[in-house]
Amino acid sequence: MVYFVGAGCGAADLITVRGMRLIEQADVLIYAGSLVNPELLAYAPAGCRIYNSAKMSLEEIIQVMEDSEGAGLRTVRLHTGEPSIYGAVQEQMRILDAKGIPYESCPGVSACFGAAAALNLEFTQPEISQSLIITRMEGRTKVPPQESIEGFAAHGTSMAIYLSTGMLTELSQRLMAGGYREDTPAAIVYKASWPEEEKCICTVATLPEVAASHGIRNLAVVLVGDVIAKRGFADSKLYNASFETQFRSAKPEKDEETVR
């Protein structure tokens, strides 16, 4: 069996308990060495065969999985963050399906959620934003035309932009061309939850200069939206005393005469 495990956004203790236990039981561990915190390797048992996929091709990774399965071994494929987001896992699963090798997935904490935690931020604030768009700029991996930065920016909602720190001048221009104001709050969070984490609050217009002044060129997630200002939002209805749920009866609102 092959287990695809999300390592989380950085800190070794942000892996899930399930993910940690899968590593503890692994016979073979293939980890994304360019991004995964090496402290996680300490969870692997003595004798576990460990491979750094940063130095491997897709074919080489699959070969290790196939050989391990043939030997009756348990393989953990450790990806950074949450594998379902820019994890390049589906291509591996497609080949495993063709070879009849079973696999399961274990989720992890993605970088945008590590960044939100670093900023004590809520992406979905009533009357400000009720959606989160996760996207990226186009690089060597193409982006479908209907998923342009400008098209997403037109919604004016919260946005988390991955793998784009090296293109912030273009990103800033395209965000504004799509509809974000120049002074729309933005944030750059470098290596969220790592010891060297750095967080910068800025605006859409100042993204490039703020990143340059802090020497941030990669390994950061960009957040955009009015939620970053943490003001102007309404309280949720969930905990409003007059809002009835299956767990709590509504309490009548006190009118002005009663208060007097």
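Details
- For segment 241-250, the count of residues that are open to solvent by 10 Å² or more (accessible area, probe 1.4 Å), touching a Ser or Thr at 6+ places or on another chain (Cβ under 7 Å) and touching a residue at least 12 places away in the same chain (Cβ under 8 Å) is zero.
- Within segment 112-133, the set of residues being crowded, with 17+ Cβ neighbours inside 10 Å and touching a Ser or Thr at 6+ places or on another chain (Cβ under 8 Å) comprises Gly114, Ala118, Phe123, Ser129, Leu132, Ile133.
- Annotation note: Cβ proximity below 8 Å between a residue of segment 168-182 that is under 19 Å from Ser129 (Cβ atoms) and of a type in the set (A, V, I, L, M) and a residue that is open to solvent by 20 Å² or more (accessible area, probe 1.4 Å) and not in a helix (DSSP H, G or I) (sequence gap 6+ or interchain) occurs for Met176/Glu182; Met176/Ala205.
- Looking only at segment 99-111, and only at residues there that are open to solvent by 50 Å² or more (accessible area, probe 1.4 Å) and in contact (Cβ under 8 Å) with a residue 40 or more places away in the chain, the one that is nearest to the chain's Cα centre (by Cα): Pro107
- Restricting segment 210-228 to residues that are open to solvent by less than 10 Å² (accessible area, probe 1.4 Å) and part of a helix (DSSP H, G or I), the residue that is nearest to Gly33 (Cα to Cα): Ala211
- Answer from Ala220, Ala212 - the residue that is more than 23 Å from Ile128 (Cα to Cα) and in contact with a strand residue (DSSP E or B) (Cβ under 6 Å, 6 or more places away or on another chain): Ala220
- Positions within segment 198-216 being of a type outside the set (A, V, I, L, M, F, W, C) and touching a helix residue (DSSP H, G or I) at 6+ places or on another chain (Cβ under 6 Å), in sequence order: Lys199, Pro208
- Summed over segment 60-75, the residues that are more than 27 Å from the chain's Cα centre (by Cα), surrounded by 12 or more Cβ atoms within 10 Å (Cβ to Cβ) and outside any helix (DSSP H, G or I) give a count of 1.
- Any chance Ser57 is modelled with pLDDT of 95 or more, surrounded by 17 or more Cβ atoms within 10 Å (Cβ to Cβ) and under 30 Å from Ile161 (Cα atoms): no
- Residue that is farthest from Pro195 (Cα to Cα) [pool: residues in segment 39-54 that are open to solvent by 80 Å² or more (accessible area, probe 1.4 Å) and in a helix (DSSP H, G or I)]: Ala42
- Annotation note: Cβ proximity below 6 Å between a residue of segment 201-216 that is on the phi < 0 side of the Ramachandran plot and a residue that is open to solvent by 20 Å² or more (accessible area, probe 1.4 Å) and of a type in the set (Asp, Glu) (sequence gap 6+ or interchain) occurs for Thr203/Asp183; Ala205/Glu182.
- Pairing each residue of segment 1-29 that is open to solvent by less than 10 Å² (accessible area, probe 1.4 Å) with any residue that is modelled with pLDDT of 95 or more and basic (Lys, Arg), provided the two are 6+ apart or on different chains, yields C-beta distances under 8 Å for Val2/Arg77; Phe4/Arg77; Val5/Arg77; Gly10/Lys191; Ala26/Arg74; Val28/Arg49; Val28/Arg74; Leu29/Arg49.
- Scanning segment 57-100 for residues that are touching a Leu at 6+ places or on another chain (Cβ under 9 Å), among the charged types (D, E, K, R) and under 25 Å from Ser193 (Cβ atoms) returns a single hit, Arg77.
- The residue of segment 138-155 that is most open to solvent (accessible area, probe 1.4 Å), among those that are over 20 Å from the mean Cα position of the chain (by Cα) and modelled with pLDDT of 95 or more, is His155.
- Looking at Glu39, Glu69, just one residue is in contact with a strand residue (DSSP E or B) (Cβ under 9 Å, 6 or more places away or on another chain) and among the charged types (D, E, K, R), and that residue is Glu69.
The values are calculated or read from the model by the stated rules, or taken from the named source; none is laboratory data. Every value quoted in this text rests on a predicted model; they were computed, and no experiment measured them. Every residue, glycine among them, receives a Cβ derived from its backbone with ideal geometry; neighbour counts consider all protein chains shown. All accessible areas refer to the heavy atoms of the entire protein, side chains included, with ligands and DNA or RNA removed. Shrake-Rupley method; radii C 1.70, N 1.55, O 1.52, S 1.80 Å.
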